[in-house]
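Notes for the one structure printed next.
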């Protein structure tokens, strides 16, 4: 048992009538989405009453505090309904009380599922709940259908006006002056994005050696970009006897 549960249980014990027994107890937040400084209450259902102890939450932990007590006789509760993440109690005097539901998560106080199930078993009109759930699903489907009727045409119009084109860059390298080295040209052949193009140039030598180097350049327009790879950029280039072939490998394109 956590310190928060011990605190709240002690508070409830001091409120019980002679012979009154607690059936289920938990902490419920009134705000399930903005939980940083949420209001809520420790709720205990007994064989006679519903006891609510107001207590705030910080983060997802209930504070050990008592900011006020409210008691509702079970005989005054006419029915309960589960709506979204809340339990809504309807009293015989025509008023209603909204409680947090099973989706109210709290790390230092458990029992939300059991507390919610109690109301489902003893106070919820199953037929009314089924009708409400069907209506909720119908509304959700209708809302999605209307959204699709709006989004799909707009998407098609945008796609027609802004056709997606993949940017591609062609790299061509030719031997430089008949020896080891290369004169390369990077040319954008499709699309309009500015890219950084990197590639590996490989020389095949008549004496069985291979030379490689990695080169990069920016391609920002459709104008060709010329890059010269001098022999000095290659390690052991003097050991390449008569380059017989030059290949471009591993072309990679990155956004600028």
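Nothing in this text is a laboratory measurement; each read-out follows from the coordinates by a stated rule. It should be emphasised that the depicted structure is a prediction, and the values quoted were computed from it without experimental measurement.
Per the helix-only calculation at 222 nm, which mean residue ellipticity applies to the chain, given -39500 (n - 2.57) for every DSSP H run of n ≥ 4 and division by its residues, nearest 500 deg cm²/dmol? Walk me through the numbers before you get to the answer.
Details: 3 runs with 58 residues, N = 256.
Mean residue ellipticity at 222 nm (helix-derived): -8000 deg cm²/dmol.
Can you tell me, using C-alpha contacts under 8 Å and at least 6 residues apart, the relative contact order of region 168-255 as a whole percent?
38 percent
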From zero outward in steps of 10 Å, how is the percent of C-alpha pairs of region 168-255 spread across the bins? 18, 49, 24, 9, 0
Give me the log10 of I(q) over I(0) for the chain at q = 0.07, 0.10 Å⁻¹, as the Debye formula computes it from C-alpha points; what are the numbers? -0.57, -0.66
Please report the relative contact order for the chain, taking Cα pairs under 8 Å with a sequence separation of at least 6, and give it as a percent rounded to a whole number. 12 percent
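Using Cα-Cα distances under 8 Å and only pairs 6 or more residues apart, what relative contact order does region 48-93 have, in percent?
It comes to 31 percent, rounded to a whole number.
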Between helix 126-161 and the chain: long-axis angle, C-alpha atoms, 0 to 90°, nearest 10: 20 degrees
